[in-house]
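The values are calculated or read from the model by the stated rules, or taken from the named source; none is laboratory data. What you see is a predicted model, and the numbers here were worked out from it, not measured in a lab. In this analysis, Cβ positions are derived from the backbone assuming ideal geometry, glycine residues included, and neighbour counts consider all displayed protein chains. Ligands, DNA and RNA are stripped out before the accessible areas are found, and what is left, the full protein with its side chains, is counted by its heavy atoms. Shrake-Rupley method; radii C 1.70, N 1.55, O 1.52, S 1.80 Å.
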Amino acid sequence: LADDLWSQSSGINAEYGEAAATFGGIDICVNNASAISLTGTADTPMKRFDLMMGINTRGTYCVTQACLPYLKKSSHAHILNNSPPLNMKPIWFRNHVAYTMAKYGMSMCVLGHAEEFRDYGIGVNAIWPATAIATAAIDMLGGDAMMRTSRKPEIMADAAYAMLSRDPKTFTGNFCIDEEVLKEEGVTDFDQYHNCPGEALSPDFFLGDDYPVPESYTSNEPFKLGGDKIAAMMSKFQPLMTPEIISKTGILFAIDFGDKTYVFDLKDSGTISEGSGEGADVTFQMSPDVFVKVVKGEIQTTAAFMSGQMKIKGNLMEAMKLESLFKKMKTQL
């Protein structure tokens, strides 16, 4: 049954009572839905902030509240939130504080509701993946490269089943990682969950010291490409600024490397020049090394953006038009 979270302000909707009547009760509430935008404060419009807080934090609280009367009547009641452990290291806040707040809101519900509902025998726990998970969203955002370094969704399903099979009266208030749950269940073959066995797995966000941190969150090394090499690289791309590309793209975009900014005029002149980037429809902020990875196809623009390795100012949909140009740039390296 579909439900409108925003209509919950007036109380519990009839849908929950209908579900309970149809199935004989509600034993399990899974809060899985989330919205994501890995953007900094200046690049997160309040509409997007409200969306993340509304779906992630408010949605979790709202659905839990609506299910509560029925969960109290169950002999095996569980609430399971797909949310991370409350890791307070600044690296998980600095690049996307709004998203972190929204996801941690779900986790704070676990912390609070586990204690609040303990006397009712309702188990409240969180599950979070150790790696990227090969979902349709990951395929859309990162393409084959990101899918190859992800695990199948089945690992989360199996871990969730194991958690929901435990006694809710004693198993509550836990922040669980999928692979750790399955190890406790005796699982030793994790290649069965790998989308492409042999490929290095991409670690997820918010994990503790026992897990690796994504490279983009730890690297503070200076750029490896010097200014002269960047200029030489840009000169190789000039022949690609053809009338056909200009007619298909029709935007002014800039690439900000920190110490230098290059402006690509795909509206009028078809030139590449150093400048301030002021007035650009889209500005990419990234290190030269990440730019080379994007051009070589080692990481897609969307994957670099979602992982925090690239920041985009301006119209995100316009930025996606440049994926084909970046692919053409590969032939010039």
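The label-point distance for GLU185 and ALA136, in a model that sets each label 7 Å from Cα toward Cβ, rounds to 2.5 nm. Our note on the geometry: Cα centres of region 230-269 and region 17-71, 42 Å apart. Of the whole protein surface, ARG151 contributes about 20 Å² of accessible area at a 1.4 Å probe radius. Once the chain from LYS152 to PHE23 is taken as fully extended at 0.36 nm per residue, the excess over their C-alpha distance is 43.5 nm.
Ordered from largest to smallest accessible area (heavy atoms of protein chains, 1.4 Å probe), the residues THR172, THR41 come out as THR41, THR172.
With a/c under 1.5 counting as rounded, go ahead and sort region 38-162 into rounded, prolate or oblate using the C-alpha gyration tensor (a ≥ b ≥ c being the square roots of the eigenvalues; past the cut-off, prolate if a/b is larger than b/c, else oblate). Oblate shape, in that a/c is at least 1.5 and b/c is the bigger or equal ratio. Length gained on full extension, SER75 to ALA14: 19.7 nm, using 0.36 nm per residue less the C-alpha separation. With a 1.4 Å probe rolled over the protein heavy atoms of all chains, the accessible area of ARG94, ARG148, ARG166 falls in the order ARG94, ARG148, ARG166, largest first. Ordered from largest to smallest accessible area (heavy atoms of protein chains, 1.4 Å probe), the residues LEU164, LEU201 come out as LEU201, LEU164. Shape of region 149-214 from its Cα gyration tensor (a ≥ b ≥ c, root eigenvalues): rounded if a/c is under 1.5, otherwise prolate when a/b > b/c, or oblate? Oblate shape, in that a/c is at least 1.5 and b/c is the bigger or equal ratio. Note on ARG94 and SER273: their simple-model spin labels are 3.5 nm apart, each label 7 Å out from Cα toward Cβ.
Once R0 is set to 45 Å, what does the formula 1/(1 + (r/R0)^6) return for the Cβ-Cβ distance between ASP259 and ASP144, expressed as a FRET efficiency to the nearest 0.05? Mind showing how you got there, number by number?
Values: r = 33 Å, r/R0 = 0.73.
Using R0 = 45 Å, I get an efficiency of 0.85.
Projected onto their three principal axes, the Cα atoms of region 93-216 cover extents of 47, 37, 27 Å, largest first.
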